[in-house]
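In what follows, a structure is listed as structure tokens, so that the remarks can point back to it.
The values are calculated or read from the model by the stated rules, or taken from the named source; none is laboratory data. Values in this document were obtained by computation on a predicted structure and should not be read as measured data. Note that each Cβ is placed from the backbone with ideal geometry, even for glycine, and that neighbours are counted across all protein chains shown. Heads up: the accessible areas ignore ligands, DNA and RNA and are worked out on the full protein's heavy atoms, side chains in. Shrake-Rupley method; radii C 1.70, N 1.55, O 1.52, S 1.80 Å.
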Amino acid sequence: MNTYQTVGVRILMLCEKNHLTVNGLANLSAVPPSTLKNVINGVSKNPGIVTIKKLCDAFGMTLGEFFSTPEFDALEQEIK
């Protein structure tokens with residue numbers, strides 16, 4: 001899995017955990033649904049830290065918590 005896919009999968013996992021639809025997350029985060037779907041589907045290759053921060057705020061978590069997963073840790077090893 002590449003970085004873009006990992007971000008999309010993480011967002012979907014958090015939506016499921018928080019009982020949110022993608023549109024519900026878009027409403028809570030003020031990220032347009034089209035932008036959110038592009039991030040989830042890997043169309044957007046660089047969603048930007050501001051977008052990710054808005055999503056984190058909607059999930060009630062920090063950026064560190066968002067990226068603190070085994071999947072992101074594995075990517076870190078691959079990038080080096």
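Summary table
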quantity: For peptides 62-73, 35-46, 14-25, sequence by mean Cβ density within 10 Å, most packed first; calculated: 35-46, 14-25, 62-73
quantity: Nearest 10 degrees, 0 to 90: helix 3-17 Cα axis against the chain principal axis; calculated: 50 degrees
quantity: Lysine-lysine proximity count for the chain, Cα under 17 Å, sequence distance 8 or more or distinct chains; calculated: 4
quantity: Residue-span extension gain [Met61 to Asn2] - 0.36 nm each, minus C-alpha spacing; calculated: 19.0 nm
quantity: Contour minus Cα-Cα distance for Phe72 and Lys37 (0.36 nm per residue); calculated: 10.6 nm
quantity: Rounded to whole Å, sorted largest first: equivalent-ellipsoid semi-axes of region 1-48, Cα gyration tensor; calculated: 17, 13, 7
quantity: Accessible-area composition of the chain, carbon plus sulfur, in percent [1.4 Å probe]; calculated: 55 percent
quantity: Coarse-grained scattering of region 29-75 at q = 0.22, 0.26 Å⁻¹, given as base-10 log I(q)/I(0) from a Debye sum over alpha-carbon atoms; calculated: -0.84, -1.06
quantity: Cα-based equivalent ellipsoid, the chain: semi-axes from gyration tensor eigenvalues, Å; calculated: 20, 14, 11
quantity: Average accessible area per residue (Å²) across region 1-73 - probe 1.4 Å, nucleic acids and ligands excluded; calculated: 58 Å²
quantity: Simple Cβ-charge dipole of the chain, Lys/Arg +1 and Asp/Glu -1, about Cα centre, in debye nearest 20; calculated: 280 debye
